[in-house]
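The values are calculated or read from the model by the stated rules, or taken from the named source; none is laboratory data. Computed from a predicted model, the values in this text were never measured in an experiment. Cβ coordinates were reconstructed from backbone atoms using ideal geometry, including for glycine residues, and neighbour counts include every protein chain displayed. Accessible surface areas use protein heavy atoms only, side chains included; no ligands, DNA or RNA. Shrake-Rupley method; radii C 1.70, N 1.55, O 1.52, S 1.80 Å.
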Amino acid sequence: MVMLLFLVLLKLIPANCLDFVQGRIVGGYTPSPNSIKYIVSLQSSNGQHFCGGSLVHKSWVLTAAHCNIGMDQMMVVAGDYTLGAYEGTEQYSKPLLLNLHPQYNRSTNNADILLIQLSAPIELNRYVSLAPLPKQNAGLLAGRVCQVSGWGSISHSGGLTPLTLRTVKLPIVSTSKCNSSNSFSGNITTNMICAGSSTGGKDACKGDSGGPLVCDGRVYGLVSWGNGCGDSRFPGVYTAVSRFRRWIDQTIYNPYSQCLKSAGLFSRED
């Protein structure tokens, strides 16, 4: 019966909402309500969750570039816990600007990072807070245990999407191991980090894209891509946020660039 209901719901999701779901929580657990206060849900114009993100400023959200479906089709929801249920903690804001990293490559997933400027600022309160970020080029040692959260698929096949936020703890996997011939065979760039269990069964999955990988209380990674969900040979691949900290700060805090954008001299979807 549950599977039948899932298949019916799947039929209701527009095709374009399935095409862009690239990111890949499997094997996790449900955290306490609103305990992960910086996470946001990116939803399509019909209210369908498709990606995660992190509130890094009251007017800015950090997510993956491949989550870009056009700002007219997006709604950012902060303070959410259970999708589709009004809990009184949610805040909604439409995008004002989409800032894709100029080096983003759709084919290789390199520089898979996007900053969304909100049309209305999010109020920080007991349910919503900002996500701390690492310093520029700060690294992580292999074996460091981190935590990834999202509303994505909870099955290895990429089906069965939960309504309630889930999270899972994963160790960092060295780039050399992730790039080995037994894994991603050299496709991991310096702008990516890998995390996953050596025994498999724990991972981010479809719908988690853009969501935060948190290590030592800071967002070090964004769910980007992978090969299946929970496969021990193929850890999850994340955008390395520390490689882009300078770009993030310049985008958010550079008043000159903001003036140019306001004057229409930059594309609204650069």
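Tell me which residues, restricted to segment 94-127, are under 19 Å from ILE39 (Cβ atoms) and either of a type in the set (D, E, K, R) or more than 17 Å from the chain's Cα centre (by Cα) (or both). LYS94, ASP112, ALA120, PRO121, ILE122, GLU123, LEU124, ASN125, ARG126, TYR127 - these are the residues of segment 94-127 that are under 19 Å from ILE39 (Cβ atoms) and either of a type in the set (D, E, K, R) or more than 17 Å from the chain's Cα centre (by Cα) (or both). For HIS49, state whether it is closer than 22 Å to ALA111 by Cβ and within 16 Å of the chain's Cα centre (by Cα). No. LEU163 satisfies every condition listed in (1) more than 26 Å from VAL77 (Cα to Cα); (2) surrounded by fewer than 24 Cβ atoms within 10 Å (Cβ to Cβ); (3) at pLDDT below 95; (4) not aromatic (Phe, Trp, Tyr) except (1). For the criterion of being closer than 17 Å to GLY28 by Cα and either part of a helix (DSSP H, G or I) or at pLDDT 85 or above (or both), ASP208 passes. Among the residues of segment 174-194 satisfying the criterion of being touching a Lys or Arg at 6+ places or on another chain (Cβ under 8 Å) and part of a loop (DSSP other than H, G, I, E, B), which is nearest to SER242 (Cα to Cα)? Among those that are touching a Lys or Arg at 6+ places or on another chain (Cβ under 8 Å) and part of a loop (DSSP other than H, G, I, E, B), it is ASN191.
Could you list, in sequence order, the residues of segment 55-107 that are aromatic (Phe, Trp, Tyr) and in contact with a helix residue (DSSP H, G or I) (Cβ under 9 Å, 6 or more places away or on another chain)? Within segment 55-107, TRP60, TYR104 meet the criteria. If I filter segment 211-225 for residues that are assigned to a loop (DSSP other than H, G, I, E, B) and modelled with pLDDT under 90, do I get at least one hit? Within segment 211-225, not a single residue is assigned to a loop (DSSP other than H, G, I, E, B) and modelled with pLDDT under 90.
Can you pull out every residue in segment 195-205 that is open to solvent by less than 40 Å² (accessible area, probe 1.4 Å) and either in a loop (DSSP other than H, G, I, E, B) or at pLDDT 80 or above (or both)? Those that are open to solvent by less than 40 Å² (accessible area, probe 1.4 Å) and either in a loop (DSSP other than H, G, I, E, B) or at pLDDT 80 or above (or both): ALA195, GLY196, SER197, GLY200, GLY201, ALA204, CYS205. When residues in segment 226-270 are screened for being modelled with pLDDT of 85 or more, in contact with a Leu (Cβ under 6 Å, 6 or more places away or on another chain), under 20 Å from SER107 (Cβ atoms) and open to solvent by 10 Å² or more (accessible area, probe 1.4 Å), 0 of them pass.
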